[in-house]
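As structure tokens, the structure follows; a few thoughts come after it.
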Amino acid sequence: MTYTTPVFSTLNLLGIDLATAGYDQPYTVSTSTPEYPAAPLAIGTEIVSSVMGRAVYATASAAITLGNVCTISKAYSATALTNTTAASSFGLQLGVALSTMTTGQYGWFQTEGVSQNISVTASIAANVQLYTTATAGVLGAIATGTSYTVNGITTTTTSASTAGAYPGVITNLALGAAN
């Protein structure tokens, strides 16, 4: 049996597990049930985890898939990053979705650390510069004239011929110049 190091907050926030879905990820507010009157945490809450680095709690402005790279507005509303949204997103925080969410759900977005899920297109080599694509939240190879560099993120595994979510590293995540 292999021992796996548990993922937990190194701050005084108990019960936050960034690695698995739970009561707080994704979280849906429901006015019809008194058990879920509001988000369990304030949006904008940042956490430092034992294994995965840093993450911020935000709400999804539209459907987001696990591993999607997203912009996070000043109001902590997350939108999957595309070539189009990148054009008006300079200076906004970026994060990788740690769960699949529908519009209005709350969840964590990783901003630093080792990630198990970074959405990339097919045929992306490990440890290369990544760029925005036309597909929401998915990074890929450079497309001159339409893509933007996404600095501080790379996969550590080649995606070969299959697009999907791959392990990687996030450090100082920021949107770069148009290509």
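The values are calculated or read from the model by the stated rules, or taken from the named source; none is laboratory data. None of these values were measured; they are calculated from a predicted model. Virtual Cβ from ideal backbone geometry, glycine too; neighbours counted across all protein chains shown.
What to note about this one:
- Flag for Ala38 being at pLDDT 95 or above and part of a loop (DSSP other than H, G, I, E, B): no
- Within region 17-31, the set of residues being surrounded by fewer than 21 Cβ atoms within 10 Å (Cβ to Cβ) and modelled with pLDDT under 75 comprises Asp17, Ala19, Thr20, Ala21, Gly22, Tyr23, Asp24, Ser30, Thr31.
- Positions within region 41-67 being modelled with pLDDT under 90 and over 18 Å from Gly113 (Cα atoms), in sequence order: Leu41, Ala42, Ile43
- Number of residues in region 155-173 that are out of contact with any Asp or Glu (no Cβ under 8 Å at 6 or more places or on another chain), of a type outside the set (Ser, Thr, Tyr) and in a strand (DSSP E or B) equals 5.
- Applying the criterion of at least 3 residues that are of a type in the set (S, T, N, Q) and without any contact (Cβ under 8 Å) to a residue 12 or more places away in the chain to the strands (runs of 3 or more DSSP E) found wholly in region 66-132 leaves an empty list.
- Here the condition is being over 19 Å from Leu98 (Cα atoms) and either of a type outside the set (A, V, I, L, M) or assigned to a loop (DSSP other than H, G, I, E, B) (or both); of Gly152, Gly176, it holds for Gly176 alone.
- Boolean, Val56 is of a type in the set (A, V, I, L, M, F, W, C), within 14 Å of the chain's Cα centre (by Cα), closer than 14 Å to Ala178 by Cα and in a strand (DSSP E or B): no
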